[in-house]
Amino acid sequence: MGDTQKLRRIIATDCGSTTTKSILIEYIDGEYRQTVRGEAPTTVEKPLNDVTRGVINAVTELEELARLKYNDESISFTKDSKIWLSDKENEGVDAYVSTSSAGGGLQMMVTGVVARMTGESAERAALGAGAIVMDLIASNDKRANHEKIERIRHLRPDMILMAGGVDGGTTKHVAEMAELVGAADPKPRLGSSYKLPVIYAGNTKARDIIKDTLDKKTDLIITENLRPTLERENLGPARDKIHDLFMEHVMAQAPGYGKLMTWTKGPIDGKLTDIPIMPTPAAVGNIMQTIAKVNNIEVLGVDIGGATTDVFSVFTEEKVFNRTVSANLGLSYSISNVLATAGIDGILRWVPFDIDESELRNMIKNKMIRPTTIPQKLEELVLEQAIAKEALKYAFIQHKEFAVSLKGGQRQREISEAFSQSTSGASIVNMMSLDLLVGSGGVLSHAPRRNQSVMMLVDAFLPEGITRLAVDSIFMMPQLGVLAEISEQAATEVFEKDCLIYLGTCVAPVGKIKADKVALSVKITLPNGETFQEDIKFGELRLLPCGVGESAKATLKPARSLDIGAGNGQEIETELHGGVVGILLDTRGRQPFDLPVETSERVRLLKKWMNELKAYPEQILK
C-alpha cells in the first residue's frame, strides 16, 4: 500500500462516455480529504480523437479551483500537456489514477458447460471485473450449434471468457465449446488488426485441446480454473486476466489511451509504479469491497443510470463480492423497459394522485427520446421517482437471483440433475444482516430532498432490521476504487468523510400482523436529550431528528411474531446512527410488504407516509 508521507496530493479521473470527471485529494491536518473537483467533455471521439485532451481540460479546472481555494497562483498540476508528477510542494501531484467507461465499457461473452454452474461462475468473474455480459453460451442452453455460432459472430464482443468442467473431469463438453468459438472465428468490436482475446479458465485437463483448437485463430490466454471443484470458486485469476486484457487490447484501441496509460502512476511500497486504468464498474466494486473489509460490515450498493442499473454487494463472513448489471433497467434510454417489466400498475401503485394512463406513457416516451431532460413539475418528479423504485426493485431481484451460494457441493447428484436448468443455491443476500445500503446515480444522489432518496431506497430495497442508509455525493466511488489500489487509507477516509452522505438509519421489523396491533415499542433518547417513547402500530412510519455524526440510544421491542434481528419478539438495546434525514421507524411489514389494491385506500396511505417522511411539499399530498 502507498506511503502516506509521499501521498500529499492525488488526482483521480473517471473518463465516462460523455464526461470526464476529476477530483483532487489532499493530505490535510493528518487526514485525506477531497478538496476540489472538475469536469470536461470526454474527447475520445472525433474531431479530437484523444481522451487525454478531456483529461487535461478536467484537471486544468482543478488547477484553477485549487488556486482560488488557496489564493496561490503558483499551484500547477499539468506540464507539457500532461499531468505532472512532482515532489515539490506546490507543483505537480504525488499520484495520478484513472478509471474509464468511455467507448461503451468492456463487453464480453462467457461460455460454460452447465449454464447454472460453471457458466454462472464465469458470469460472476466477468461482472466482477467490470464487464457487461452480452450473452452466456452453455452446452445445455437449448440452442442449436449453428445458432450459437451465429450469435458469437453477430455480437462481436471485446473478449470471450471460457469456463467449463472441474479439474480432472470430462473434457468432451469443453472441447465442443472451443470448436464452436473456433468455427465462429469472431472478430473484435474495436480494431480489426488484432486477434480476439479469449481467456480459458476451465478444466486443466482440457488445456491442450483448447490450444489446438483456438491458439491460431484467437489471442488465447490460459489461467487457473475458476471452478476447480463443485464446492469452490476461484474467480481472482480470471478477473485479473480480464483487467490485463482490457488494458492491452480494448483500451489500447481507443484514441489517446496509450498515452494516458503512461501517465497513471503512484507509490506502492515506496516505489513509483504504473497503476492500470480500471473499468468504472470494477472500481466501484473495489471500493465496496475495501469498505466492507476495513469496517468488517456487509454492504449493498446500487448505481442507477439512464441505460443500466448496477447492483454491488458484499455479504457473509467471507465478504463474498457480487455485481450484476441490469442492462435494460434505467431512467432514460431504458425507461420504456422499466414500464414493460413493472407494468403500468406497478408504477402507478407508488403515485399518490390520479393520473391518466396515456399521460404516464407519454411522459415515459418523452424521457426516452429526450434522455437529458429533468422533471419540470412536481408531479413529473413524483412519477420519475415511482419509476425509479420499480427499476431498483427489479434490478435487486435479479441481483438476489445471481448472488447465490454454490450449487453442487453438498450432496451426490445425478448427471441429469447437473444439466437441469434449476436454480443455483440459496441467495447469500441477507437484508437482516446488512449494515450499509448505498445509493448512487442522478435520481438518488441529486434528488431535490434527501428525504426522497430515503423513500426510494426503503421502498425499493425493503431493508430489514437495522440498516444505515447513504448516498454517493458526487459519484466519486470509481476514483476511490482505483485509489484503493495504492492507498486503502486515503480511499476509505475520503469515502467516509466526503463521498458518502449518511441519510440516517432505517428500523424495520420483519413479518406481518393486523393493522390495529402494536408492531414496535420504542424508547429512544435523542441527541438533544429528549426521549421519544411510543407503541407504534403496524403500517406506520415515524421520522425522528438525529443529525450527521449524532447517535441515539434505543430500546426496541417488536411484537411477538415480528423480528428486528434478535428473533421474534426479542428486544434489542442499541445505538442508532443519524444522518441528514434522521432515524426512520418503518412498521409497514416485510416478507411480505403489501400495498392496498383498492385505489383510494392506497393513495391515502401513500400520502400519509410521504407526509411523515417529509418527502414532498404539502400541496401535492393534501
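Here, each number is a calculation from the coordinates, and none is a lab measurement. The model shown is predicted, which means the values in this text are computed figures rather than measured ones. Reconstructed Cβ throughout: ideal geometry from the backbone, glycine too, with neighbour counts over all protein chains shown.
Under the classification rounded if a/c is under 1.5, otherwise prolate if a/b is larger than b/c and oblate if not, where does region 1-93 fall, given a ≥ b ≥ c as square roots of the Cα gyration tensor eigenvalues? It comes out prolate by the Cα gyration axes. If you take every residue apart from residue 79 with its C-beta less than 14 Å away from the C-beta of residue 79, what net charge results, scoring Lys and Arg +1 and Asp and Glu -1? Local charge sum for residue 79: -2. Taking other residues whose beta carbon is less than 10 angstrom from the beta carbon of residue 520, and scoring Lys, Arg as +1 and Asp, Glu as -1, yields -1. Mind running the shape call on region 236-328? Use the C-alpha gyration tensor, a ≥ b ≥ c as the square roots of the eigenvalues: rounded below 1.5 for a/c, prolate if a/b tops b/c, oblate otherwise. Oblate is the answer for region 236-328, as a/c is 1.5 or above yet b/c matches or exceeds a/b. Once you reduce region 36-55 and region 204-266 to the center of their Cα atoms, the two points are 28 Å from each other. Think of the chain as having a plus end and a minus end, set by charges on the Cβ of Lys, Arg, Asp and Glu; of 613, 433, 515, 515 sits farthest toward the positive end of this dipole. Using the Cβ-Cβ distance between residue 365 and residue 143 with R0 set to 30 Å, the FRET efficiency from 1/(1 + (r/R0)^6) comes to roughly 0.35. Counted by Cβ distance under 12 Å from residue 196, the other residues give a net charge of +3, where Lys and Arg count +1 and Asp and Glu count -1. Dipole of the chain computed with +1 at Lys/Arg Cβ and -1 at Asp/Glu Cβ about the Cα centre; of 157, 60, 525, farthest Cα towards the positive end is 157. If both residues of a DSSP beta bridge must be in the chain, then about 65% of such bridges are antiparallel.
Taking 7 Å steps out from each Cα toward its Cβ at residue 599 and residue 373 produces label points 2.5 nm apart.
The candidate values were (1) 1.38; (2) 1.50; (3) 1.01; the one computed from these coordinates for Cα Rg over 2.2 N^0.38 Å carries the label (3).
The tail of the calculated P(r) for region 203-362 beyond 25 Å holds 57 percent of all Cα-Cα pairs.
What is the extension gain from residue 525 to residue 183, computed as 0.36 nm multiplied by their sequence separation minus the C-alpha to C-alpha distance, in nm to one decimal?
Between residue 525 and residue 183, full extension yields 116.2 nm more.
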